[in-house]
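What follows is a set of notes on a single structure, which appears directly below.
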Amino acid sequence: MLRTACLLAFAFSLPQDTGPRIGGSIQTSYRHSAGAWSPRSVEKIRSVSSVAMSPDGAHVAYTLLVPRIAGTDEDGAAWSELHVLDTATGTERTFVGGHVNVGALEWLHDGSAVAFLAKRDGDKQTSLYTIPLAGGESKKCLEFDSSISAFSLAPDDKRVAFVASKPEDPERKKLADKGFKQIVYEEDQPFSSVWVADISADAVKKHELSVEGHVHQIRWSPVDDRLAITVTPTALVDDEYMKQKVRVIDAKDGKELLRIDNPGKLGEIGWSPDGKWIAGLSAQDIHDPSASRIAVWSSGIDTQLPALVSPLPDDWAADVVGFEFIDANSLLLVVHRGVESTIEKVGFAGKSEYKTIQAAGLAIFTTVAVSHDGQHAALVASRPDHPAEMYTMSHGDTAAVRRTDSNPWTKDMQSGKQEVVHWKARDGVELDGVLVHALEETTVTKTPLILCVHGGPEAHESNGWMTNYSRPGQMAAGRLIATFYPNYRGSTGRGVAFSKLSQGDAGGKEFDDLIDAVDYLVANKNVDKDRVGITGGSYGGYATAWCCTKYSDRFAAGVMFVGISDKIGKIGSTDIPEE
């Protein structure tokens with residue numbers, strides 16, 4: 001008999017005096033500890049989402065996510081404000097605040113202003129703005145008939161290359177206005193193209209470049225009129241995941257100058273300061289589930305350069321999640337290794353230097369930006385005791401320094417202790433995860449547990465901030481429930497070989513790892529084996545459904561959301577069959 005059902009409420013949200021076990025008669029009480037985290041607390045969290053270091057390293061522009069107030073504001077995503085920090089004085093100013101959505105920050109090359117994308121009052125589409133560092137109002141310098149999705153400034157700051165879809169056909173718009181608004185799935189999707197605009201005069205001149213395919217990313221060479229772009233055959237999401245390729249084109253006429261046949265998935269790309277190299281986060285092969293290897297390709301400016309350089313070994317047991325060029329032959333890498341994070345420097349093209357700049361244990365870094373001379377860096381990072389904030393680090397510093405405090409009120413909150421846990425699977429594979437302890441744990445009473453399974457499975461848990469709308473963390477701790485976030489086989493953060501361990505064995509050893517984790521916690525962390533719940537989204541939802549059925553005797557409750565219930569059907573009936 002199945003002893004588990006999919007509940008719509010977790011134990012931490014049950015009334016104080018009830019807590020029935022499905023299929024059993026256990027009653028328990030889940031009271032809320034005074035001063036502890038609640039859903040209303042999580043709703044207020046602000047977080048730094050992106051950073052851009054000024055060319056001289058004296059200022060950092062960053063975006064701050066400000067949640068809307070439930071029940072008061074109109075529904076929607078968090079607002080994204082533009083702030084600037086003076087790195088010498090620590091002074092922070094709000095440049096564009098309030099009900100705004102600012103993104104894609106880029107400093108002008110002379111450091112006089114910050115360029116950004118936003119859809120502001122009166123805008124029909126997302127447009128390009130600049131705001132001067134010295135102060136003053138932002139200025140719209142480019143608008144288009146459709147939203148601008150990406151842009152890159154030329155070295156002279158007088159021109160900009162941008163990505164946008166072609167304007168809607170007037171005849172189709174007329175038909176739509178008359179009610180012909182049918183959508184044919186995966187048909188008639190508008191392709192995004194590359195446009196170049198001269199923004200130095202009041203009358204903006206712009207022209208389209210002829211590019212084969214659908215364009216995603218764009219980066220202007222720092223030394224000449226070449227553009228590095230990424231393109232896919234179509235605008236379909238599966239192509240975006242699996243078929244992005246790097247191309248170099250002429251910014252004047254769109255002529256293709258170079259094709260880079262990068263394998264499989266592709267992440268962000270960027271130019272070296274001398275324009276000779278293009279680096280990117282790339283998959284190792286078509287079956288690599290994550291674009292987390294750093295690759296460096298010759299940009300074609302010097303035919304004597306090798307076509308491809310891999311500065312890290314293929315069996316490197318870690319993942320790169322972000323990078324920036326420090327100089328012509330060195331990269332600064334944000335590295336995730338298991339549940340920890342480091343900042344590493346690696347050389348290439350004859351410069352074989354490898355050095356740890358920031359050791360593990362300080363914070364979980366996710367994003368990095370550097371000054372033009374490579375001597376100063378701005379980073380986004382979280383810790384167990386705070387959500388994502390901005391850090392800075394300069395050449396010679398022994399450690400990165402936190403520069404923002406977006407949620408000072410959290411100092412008064414009562415939080416559960418956070419611990420890294422290591423265990424062995426039944427076949428000997430060594431695994432890790434993060435345990436958020438319940439408040440007021442005692443050895444007299446065993447602790448209930450929520451197993452929170454990440455999706456992907458090409459993702460991983462790090463020892464940073466662990467609580468948000470779908471991850472119980474400190475909210476559960478306040479209800480005297482522990483939460484465990486496991487990195488089961490197939491997770492990222494430990495290299496390509498580990499991330500492939502789950503392939504060809506769906507619902508097999510990868511989910512046995514979850515049971516082995518619970519058994520370890522029951523034996524070593526005072527967890528109550530009769531009060532274990534499970535949740536997760538996407539692939540974590542698949543894990544939840546699997547554990548609620550195959551392992552129904554092990555779980556008292558399960559909440560599956562945006563989950564997978566039929567992997568065979570998913571291949572043929574969703575928009576990501578190849579991914």
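The values are calculated or read from the model by the stated rules, or taken from the named source; none is laboratory data. Here the structure is a predicted model, which is why all the values come from computation and not from measurement. For neighbour counting, all protein chains shown are included, and Cβ atoms are generated from backbone atoms with ideal geometry for every residue, glycine included. Accessible surface is based on the protein model in full, side chains and every heavy atom, while ligands, DNA and RNA are left aside. Shrake-Rupley method; radii C 1.70, N 1.55, O 1.52, S 1.80 Å.
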Cβ-Cβ under 9 Å pairs, at least 6 apart or on other chains, region 565-579 side on the phi > 0 side of the Ramachandran plot, far side modelled with pLDDT of 85 or more and open to solvent by less than 70 Å² (accessible area, probe 1.4 Å):
none
Output the number of residues of region 65-107 satisfying the condition of being part of a strand (DSSP E or B) and among the aliphatic types (A, V, I, L, M).
8
Could you tell me which residue of region 433-445 is surrounded by the fewest Cβ atoms within 10 Å (Cβ to Cβ), considering only residues that are modelled with pLDDT of 95 or more and not in a strand (DSSP E or B)?
437
Being farther than 20 Å from residue 49 by Cβ, modelled with pLDDT of 95 or more, buried (at least 17 other Cβ atoms within 10 Å of the Cβ) and not charged (D, E, K, R) is the requirement here; does residue 378 meet it?
no
Over 26 Å from residue 298 (Cβ atoms), of a type in the set (D, E, K, R) and part of a loop (DSSP other than H, G, I, E, B): is that true of residue 173 in this structure?
no
In region 489-525, which residue that is assigned to a helix (DSSP H, G or I) and within 30 Å of residue 312 (Cα to Cα) is most open to solvent (accessible area, probe 1.4 Å)?
509
Can we say residue 392 is in a strand (DSSP E or B) and among the β-branched types (Val, Ile, Thr)?
yes
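Conditions (1) of a type in the set (Ser, Thr, Tyr); (2) touching a residue at least 24 places away in the same chain (Cβ under 8 Å); (3) touching a helix residue (DSSP H, G or I) at 6+ places or on another chain (Cβ under 7 Å); (4) in a strand (DSSP E or B), marked per residue:
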{"residue": "334", "(1), (2), (3), (4)": "no, yes, no, yes"}
{"residue": "341", "(1), (2), (3), (4)": "yes, yes, no, yes"}
{"residue": "346", "(1), (2), (3), (4)": "no, yes, no, yes"}
{"residue": "351", "(1), (2), (3), (4)": "no, no, no, no"}
{"residue": "356", "(1), (2), (3), (4)": "yes, no, no, yes"}
{"residue": "360", "(1), (2), (3), (4)": "no, no, no, no"}
{"residue": "365", "(1), (2), (3), (4)": "no, yes, no, yes"}
{"residue": "368", "(1), (2), (3), (4)": "no, yes, no, yes"}
{"residue": "387", "(1), (2), (3), (4)": "no, yes, no, yes"}
Scanning region 104-145 for residues that are among the small types (Gly, Ala, Ser) and either surrounded by 16 or more Cβ atoms within 10 Å (Cβ to Cβ) or in contact with a Lys or Arg (Cβ under 7 Å, 6 or more places away or on another chain) (or both), which turns out farthest from residue 221 (Cα to Cα)?
138
Selected residue [basic (Lys, Arg) and in contact with a His (Cβ under 8 Å, 6 or more places away or on another chain)] from 500, 550
500
Selection status of residue 192, hydroxyl-bearing (Ser, Thr, Tyr) and open to solvent by 30 Å² or more (accessible area, probe 1.4 Å):
no
Cβ-Cβ under 6 Å pairs, at least 6 apart or on other chains, region 186-202 side part of a loop (DSSP other than H, G, I, E, B), far side open to solvent by 60 Å² or more (accessible area, probe 1.4 Å) and not polar (S, T, N, Q)
200/158
Sort out which residues of region 462-488 are of a type in the set (Val, Ile, Thr) and either within 16 Å of the chain's Cα centre (by Cα) or surrounded by fewer than 24 Cβ atoms within 10 Å (Cβ to Cβ) (or both), and write them in order of number.
467
